[in-house]
1. Please state which one of Arg49, Arg72 is modelled with pLDDT under 85, in a strand (DSSP E or B) and basic (Lys, Arg).
2. Being in a helix (DSSP H, G or I) and surrounded by 17 or more Cβ atoms within 10 Å (Cβ to Cβ) is the filter here; which residues of the range 275-303 pass it?
3. Taking the range 111-156 as the search range and keeping residues that are in contact with a Leu (Cβ under 7 Å, 6 or more places away or on another chain) and among the aliphatic types (A, V, I, L, M), which one is farthest from Ala227 (Cα to Cα)?
4. Kindly indicate whether Leu442 is in contact with a strand residue (DSSP E or B) (Cβ under 9 Å, 6 or more places away or on another chain), buried (at least 18 other Cβ atoms within 10 Å of the Cβ) and more than 18 Å from Gly276 (Cα to Cα).
5. Outside the structural domain of Val453 (by TED's automatic domain parsing), among the basic types (Lys, Arg) and assigned to a helix (DSSP H, G or I): is that true of Lys243 in this structure?
6. Are there any pairs, at least 6 apart or on different chains, whose C-beta atoms fall under 8 Å, with the first in the range 572-596 and of a type in the set (D, E, K, R) and the second surrounded by fewer than 21 Cβ atoms within 10 Å (Cβ to Cβ) and at pLDDT below 90, and if so, which?
7. Filter the range 378-418 down to the residues that are on the phi < 0 side of the Ramachandran plot and either within 25 Å of the chain's Cα centre (by Cα) or of a type in the set (Lys, Arg) (or both) and list them by number.
8. Which of (1) out of contact with any Pro (no Cβ under 8 Å at 6 or more places or on another chain); (2) buried (at least 20 other Cβ atoms within 10 Å of the Cβ) is the odd one out, the single condition Met129 does not satisfy?
Amino acid sequence: MWDLEKNRRIKIMAWIIAAIIGALILRLAWMQIFQGPQYKKIAEENRIRQVVAQAPRGTVYDRNGAILISNRPSFAISVIPSEYTNAAAGSIISEIAGLTPDEIEKMVRDGEKFPFTPVRLKRDADASMITKIEERKENLPGVIIEAVPIRHYVYNTLAAHVFGYVGTISDEEYEKRKELGYRPNDLMGKAGLEREYEEVLRGIDGGLQVEINAMGEEVQVLGNKPAIQGRGLVLTIDANIQKAAEEALGLQIEASRKMGEAAKGGSAVVLDIKTGGVLAMVSLPSFDPNVFAGGITTKDWSALINNPNNPLTNRSIQSIYPPASVFKIITAAAALEMNYTNSSEIFQDKGVYILNGWSFYGWNTKGLGPLNVVGALALSSDPVFYELGHRMGIDNLASYALTFGLGKKTGIKLLGEEAGLVPTEEWKMTTFGEGWYPGETLIAAIGQGYYLVTPLQQAMVLMAVANGGVVYRPILADKVLNVDGQVETKFAPEILRTVYLRPDTWEVIRQGLTAVTTTGTGATVFNGFPHKVAGKTGSGESGRGTTHSWFACYAPADDPKIAVAVLVDEGGEGSVAAGPVARKILEAYFGIYNPQPVPIPPKGKTD
């Protein structure tokens, strides 16, 4: 009996063991035959590290071939998300690289979508950081040091608002661009030409397949796909003119402050009137885009955005000001063209203009005497232009301002351009719910009141006069170069609009603007200058008891090549602050060196 029970138990155990062995055999067969490729892939991925080789961005040149933006070698502290296993590693990296643990955690989390692709935590890491990472590598699994190119702005702050800067792609930008091959934490153009020509400047990333051992150390390179640098961009900017304009404007801002003016900053725009090419675009104060290239620190970012003078704002296109007496060009053109006056009519500037019992004073309260339109432009007579504005009315004046392009964006390929403002009776009723007053027309006729323009728009008004009405769209890029440095695309000039005036109207305006620099309000500024200059001074009220300084011109007056507009923000009178800067810009353009200081008139004696 006992033997029978013992045999039965042995048989049961044998069947159980056989079943277990059979199950194991089936499982092994299943894993080998059906899941083998999957596990092989996982094993390969565990021992092979995919390293993205970041492509250098395209080189940017000025019109003469000078390199303005390039790339330089640097090192980055990066992590491979799939290998980043030490929970304490974040605090170690934070201590070394100056990043917060939250910043590191977010970057790693975003990078988990590509678990075998390095996430660059700290770009442009210095030698001390690299050494400390290497010393503690055993506690930093998945942390690697990469050699990556970094954007280099050769002349630091030069033309910073034109060039813009690069930065880490945002979540919103990534969602829009991930189908184009972008990854979380990639760099892209964030402002200026870096942003506008992102598709041109961005290269094609390459990659390495690297075999690693159990310690995460590289054993050998299994594959290499070279990165392809982005295409090159040749600009219309002339670096020499840009530099001269920045230096002259910067010195003048400081001089204006010493004279007691507020002088918060300024702008200068130089245009090739035959193509619309921007030879220089200056906005001060400026910033160094190199601080963004390696990842801007919280301290540096805070200093930029909290600066009351707004260094990140491109004053040339993003700030709007009363056009002041430069607008008298448009008032004169409208009055002549609509036959509200002619070149022979003589006006009496008595220093004050009376309308409905209200007194409107000119800049010279003693009066400038008898003047025709040419003389009124030359001496910037307010009473003469009060009268012309009164004759025409605000809506006729506005129609010509719109014809010249005010109140509209120029379409320059830069983000954030302002359109300015051209007021009309309807606009005021819609905006303020009240009618237009006759006195407001007088103020508008001299470029004050509600009128607002950008420095770029002022330069384009002078382009229109110089070209007899033809206005080109302003451009900053001249050519795109392929990877071999050959011209891939050449951008052709584009006529933006044509201002149609009678030839005799253009002639009167040109005579008046040339007289400004010979016998008028800008004569002392251009005393001894070897080329004829046609220009207009302007002093615009800021509404804060200070004055914006304007000077806009084209040269040579008898064979125009370039147009220039200079603004010194709260810098004082036009001939005192902006005029000398314009002269320095023209000296740079014509290759003139004048060692003698340019004489300026006493403050308060001219527009």
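1. Details: Arg72 fails: modelled with pLDDT under 85.
Sole residue among the options that is modelled with pLDDT under 85, in a strand (DSSP E or B) and basic (Lys, Arg): Arg49.
2. Kept after step one, since they are in a helix (DSSP H, G or I), are these residues of the range 275-303: 290-293, 298-303.
Residues satisfying the conditions are Asn290, Val291, Phe292, Ala293.
3. Filtering the range 111-156 for residues that are in contact with a Leu (Cβ under 7 Å, 6 or more places away or on another chain) and among the aliphatic types (A, V, I, L, M), the one farthest from Ala227 (Cα to Cα) comes out as Ile133.
4. On the way: in contact with a strand residue (DSSP E or B) (Cβ under 9 Å, 6 or more places away or on another chain): yes; buried (at least 18 other Cβ atoms within 10 Å of the Cβ): yes; more than 18 Å from Gly276 (Cα to Cα): yes.
When the stated conditions are applied, Leu442 passes them.
5. Details: outside the structural domain of Val453 (by TED's automatic domain parsing): yes; among the basic types (Lys, Arg): yes; assigned to a helix (DSSP H, G or I): yes.
Here the answer is yes, as Lys243 does meet what is asked.
6. Glu573/Lys603; Glu573/Gly604; Arg583/Val598; Glu587/Tyr593; Glu587/Asn594
7. Of the residues in the range 378-418, the ones on the phi < 0 side of the Ramachandran plot are 378-379, 381-392, 394-404, 406, 408-410, 412-415, 417-418.
Residues satisfying the conditions are Arg391, Phe404, Leu406, Lys408, Lys409, Thr410, Ile412, Lys413, Leu414, Leu415, Glu417, Glu418.
8. Every listed condition holds for Met129 apart from (2).
The values are calculated or read from the model by the stated rules, or taken from the named source; none is laboratory data. Note that this is a predicted model, so its numbers are computed, not measured. FYI the Cβ positions are ideal-geometry reconstructions off the backbone, even for glycines, and counts take in every protein chain you see.
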